[in-house]
1. Of all residues in region A:245-280, how many are β-branched (Val, Ile, Thr) and farther than 18 Å from A:Ile219 by Cα?
2. Kindly evaluate A:Leu146 against the criterion of being touching a helix residue (DSSP H, G or I) at 6+ places or on another chain (Cβ under 8 Å) and either buried (at least 22 other Cβ atoms within 10 Å of the Cβ) or not hydrophobic (A, V, I, L, M, F, W, C) (or both).
3. Is there any pair with a first residue in region A:179-195 that is without any contact (Cβ under 8 Å) to a residue 40 or more places away in the chain and a second that is surrounded by fewer than 14 Cβ atoms within 10 Å (Cβ to Cβ) and assigned to a helix (DSSP H, G or I) whose Cβ atoms are under 8 Å apart and which are 6 or more apart or on different chains, and what are they?
4. Within region B:188-203, can one find any residue that is loosely packed, with under 14 Cβ neighbours inside 10 Å and part of a loop (DSSP other than H, G, I, E, B)?
5. With the requirement that a residue be at the interface with chain B (Cβ under 7 Å from one of its Cβ atoms) and aromatic (Phe, Trp, Tyr), what does region A:92-144 give you?
6. Just give me the residues in region A:238-252 being in contact with a Leu (Cβ under 8 Å, 6 or more places away or on another chain) and in contact (Cβ under 8 Å) with a residue 24 or more places away in the chain, in sequence order.
7. Among the numbered criteria (1) surrounded by fewer than 20 Cβ atoms within 10 Å (Cβ to Cβ); (2) part of a helix (DSSP H, G or I); (3) more than 7 Å from every other protein chain (Cβ to nearest Cβ), which single criterion is violated by A:Ile155?
8. Would you point out which residue out of B:Gly88, B:Gly96, B:Gly138, B:Gly44 is within 7 Å of chain A (Cβ to nearest Cβ) and either buried (at least 20 other Cβ atoms within 10 Å of the Cβ) or free of Cβ contacts under 8 Å to residues at least 60 places away in the same chain (or both)?
Amino acid sequence: MDHSGARPIWAFLTGPYALFLLVLLLVPFANIALYSLHPYSPTKVFLPELTFDNYRKIFDLYYVRLFGRTLRLGLITTAASVVLGYPLAYWLARARPRWQAAGLFLLIMPLMVSAVIRVFGWIVILGRKGLVNQALVTLGLEPVKLLYSETAVVIGLVNIFVPFMVLPVMAAIERISPSLEEAAQNLGASWYQMFRGVILPLSLPGLISGCLLVYSLSISAFVTPALMGNPRERMVGQQIYDEVLVSFNWPGAASLSLTLVLITAALIFGALFATRHAGRQAKGL
Amino acid sequence: MSARSPRLLGPFVIATYLGLLAPLVVVIAVSLGPSAVFEFPPRGLTLHWFEAFFASPAFVTAFFRVSLLVGLLAATLATVLGTSAALGLVRFRFFGREALETFFLAPLLVPEILLGAALYLFYARLAVQASIWTLLCGHLVICTPYVIRSVTAGLVGLDPRLEEAAMSLGATRVQAFFKVTLPLLRSSLVSGAIFAFIISFSDINLALFLSGPQSTSLPVHIFSQIQWQGDPTIAAASSMQIVVIGLLILVVQRIFRLRLVV
């Protein structure tokens, strides 16, 4: 092992990607920060003066509603992902190796298929003549309008992001020794008492990172709300897409993007703090 | 599985998997059905929509000349960049190493739609036209962390003394790396490369911003076809992506630990 001798080999090894990220990650976001301070002009895209107007605009009713809707849908998606993902994570963590391998494949394979394809599947299922409505008609009920609603968006988002809940929770549960479970149950605890007293507190760090991932992914979603949502009830991702590519209000898009980045960053730091705290508490048990 | 886990867990897990896989099953079924509207369950079996796919210049270009090409290039370049970065991070101790590691994995935390918008506005500032190269650069940002993760996992499980032994037997550092370390890293390298390919191949959020009219990727083309209410050729194209990705993930699972990459 080289402990940085005369030639800093590590710099040659890490340099290319560091440089690449500097040019294609940091500089573009600095560029966005700059755009967000210019006034928008319908004819010239932006004017050279500097202003905070683009940020003031975010407090207009339209944008407050936009952010409110986005953050609320993110919250519902995250809660639903916990309900669906946690049991799956527990099962995967405690499954026999062969079942676990099959389960992981069936979890990660859909995750890796393009979001647009999974959304397309849901459009066929939830559409006017889709699977759900066919079933309703067969049962003699009226077909319902499911697509192009908030419900449809949440179904789509949960379906796409639930693996991001399952993976960290599963990793956390795997680190809990099964003998702890047995000990609690041998001492007379019911499964649910054991779960509340042992599994849930010890898996909290994984649960927090899962919630954080799902939440930050859902509040920046674009494809799902664009294809499954009501066009008049948009999410922030759609607004950014439109202001960049349709209305060419680049300063507006830039200020929206930075606001979303700040929300995500605040969440990450909050979660890091919460994870440390939860970790300390778990150790104190 | 502990003998006394709740009785409802099994059915619940099966139901969750059904929901998770339902959209993919439906897409594949629609691609094989005869109906021109999206119909499930299909009333027969036909390869008509796959013929339509290969007869459509827009779909063939999007699949082969854009998505496949960019995916292969991204996988190759991300593997080189990522392997070298992972080696630097794992095998050397230097000031700021942990900060650099966080920086290298940061693209995984940046919402993709924002990265896409940021790169679009950056290219616009530099007056760079959209092409497969702008798309490739964007994909390298999000693909490389997967290679870094997988190669780091491989390197951590590898005894550095093997390399030192080769060097004490007279190999140079470079020879020791290429003759000893690299062959031992093969499975984590291949897994990283496969994941880099998959991430690029299935990406839509960056491609929406970075694809030009001559470089529309498959997911972007599918997206616009859904908006324009296209026919089940969309389903055929989607099925092909599902099959490619499914097979590649099976390969990763065979040769390496899937969870170390995701």
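1. 2
2. Against the criterion (touching a helix residue (DSSP H, G or I) at 6+ places or on another chain (Cβ under 8 Å) and either buried (at least 22 other Cβ atoms within 10 Å of the Cβ) or not hydrophobic (A, V, I, L, M, F, W, C) (or both)), A:Leu146 does not qualify.
3. So the pair list comes out as A:Ala184/A:Gln193.
4. Initial filter on region B:188-203 (loosely packed, with under 14 Cβ neighbours inside 10 Å): none.
No, there is no match, as no residue in region B:188-203 is loosely packed, with under 14 Cβ neighbours inside 10 Å and part of a loop (DSSP other than H, G, I, E, B).
5. A:Phe105, A:Phe120, A:Trp122
6. A:Gln239, A:Trp250, A:Pro251, listed by residue number.
7. (1)
8. B:Gly88
The values are calculated or read from the model by the stated rules, or taken from the named source; none is laboratory data. Quick caveat: nothing in here was measured; it's all calculated off a predicted structure. Cβ coordinates were reconstructed from backbone atoms using ideal geometry, including for glycine residues, and neighbour counts include every protein chain displayed.
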